[in-house]
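Undergrad: Below is the structure I would like to discuss, written out as C-alpha cells.
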Amino acid sequence: MYRGKSALGLLEIVIALVILALSAIPVFTLLTRQTVDTEQSAAEAFAVNKASDVLTALLDNVPFATLRQGNPAYIATSHLPDLPKYADYRSSGGHSDWAKKMSKVLFNHDDVEGPGFKCRGIFEDAKGMSFLVHVRVEDVKAAKKANRKPELMKIGTAYPGGAPTDFSKSDEMTFSYLKNPSMLLSSKWFPDYLERPDPSAGRPLTEMDLPGQIALPPNNVYLDEDMNAMCGSGPNVDSFLNPTAARYTAIQLLPEKTVPNMGESVMKIITVQVQWNASAAGKSNPEHLSPELSRVHLIALKADLD
C-alpha cells in the first residue's frame, strides 16, 4: 500500500501565522513605547539645554540696562544713556547691531517690535520638533520695608491641625518663617523627654546621655495641651497654643514703564520657559493645546553689576 509524504496543510499554515503574529505584538508594542520614551527624553534634554543656554547668556552676556522687563521681555538699546560703558551696545539711532545679533542667536529672529527685540522665538531640533523659547523679566528694587523689623502675626490655634492664618498679600518679595515658642528660647526651661533615674542629676536626660535609648519628643511642640499643666497659664503657654509667624520683606516689584528709570531697578527676576508639543499637530506648533504639551522653566536673579 502506498503512503504519501506528510505535508502541512493550509489550515496548519494559517494557524502558525496567527500564533506568530500574536507573539510579535508585545515585541512591537515594547519597541514603539521605547521609541516614544526616547523621543520624549531627547525633547526634554533639548529644552533644558536651550533654556540653560538662554539664561546663561542673559546673565553673562546681556548688560543689565539692555534687558527690558515684560512678558515677554525685550532686548533694547535705544534708551541707553550716553556713557562710555554703553559705547559698544549703543547706536547713533534706532537699535544697535549688537542687539540685532544677540536676538538672532538667543531667539532666532532679528525683527524689531515695540521697544526692541522680543525675547521670544522658535527653534527646531534635529528631528524637526519645534520649541518655543519665552523669557519673562520683572524689575525689582530694595523694598521700602527691607530695613524694618519683621512683621509678626499669630497664625491661629488651629495650626497645624487646620490651615494657619496667613499674611495679607504684598507686591513685594517676602520670606516667612515660624518663630520658636518663647519657652524654647528660655534657658530656664527644658523639655522633660526622659525620666531622670537620678533626681540629683538636675537637667533631664536625653538620648545622648543614655546610649541605646531614644528620647521621645512632644507630639506637637506648637499645640501641646500639657503645657498648661506643666507651666500654668500666661504668655509663655500662649506661644505654644497660638504660635507666631514672622515675615521679612526683601525686594519690591516695579511697574513696567515705557522708558525705564536708570538706577531705580537693582535686580531683575528672569524666567525662561521652553515649551513643546509631542502630538502630530503640535510638532511644528509648540503652542498647540493638547495633553502632549510640555514645558520646562529656569528662574534666576540678575543684579545690576554694570
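Read the figures in this text as sums done on the coordinates, not as results from a lab. Not measured: the values here are computed from a predicted model. With ideal geometry, Cβ positions are generated from the backbone for all residues, glycine too; neighbour counts draw on all protein chains shown.
Undergrad: Compute the FRET efficiency between THR165 and HIS297 as 1/(1 + (r/R0)^6), taking r as their Cβ-Cβ distance and R0 = 22 Å, and round to the nearest 0.05.
TA: Working: r = 31 Å, r/R0 = 1.39.
In this case the efficiency is close to 0.10.
Undergrad: Using a basic spin-label model with each label point 7 Å from the Cα along Cα→Cβ, how many nm lie between GLU44 and LYS85?
TA: Each label point lies 7 Å from its Cα, and together they span 4.1 nm.
Undergrad: Report, in listed order, any pair from LYS85/LYS118; LYS141/LYS268; LYS104/LYS283; LYS101/LYS257; LYS104/LYS257 with a Cα-Cα distance greater than 18 Å. Write out the running numbers ahead of the final one.
TA: Numbers: LYS85/LYS118 24 Å; LYS141/LYS268 9 Å; LYS104/LYS283 22 Å; LYS101/LYS257 25 Å; LYS104/LYS257 25 Å.
As for pairs spanning more than 18 Å Cα to Cα, those are LYS85/LYS118; LYS104/LYS283; LYS101/LYS257; LYS104/LYS257.
Undergrad: Report the trypsin sites (Lys or Arg not before Pro) located in region 99-135 that are in a DSSP loop and have at most 14 other Cβ atoms inside 10 Å of their Cβ, or state none.
TA: Values: sites: LYS100, LYS101, LYS104, LYS118, ARG120, LYS127; in loops: LYS127.
Of the trypsin sites (Lys or Arg not before Pro), the ones in loops of region 99-135 whose Cβ has at most 14 other Cβ atoms within 10 Å are LYS127.
Undergrad: Where in region 111-140 does the label zone of THR258 land, with the point 7 angstrom along Cα→C-beta and an amide N cut-off under 17 Å?
TA: 113-116
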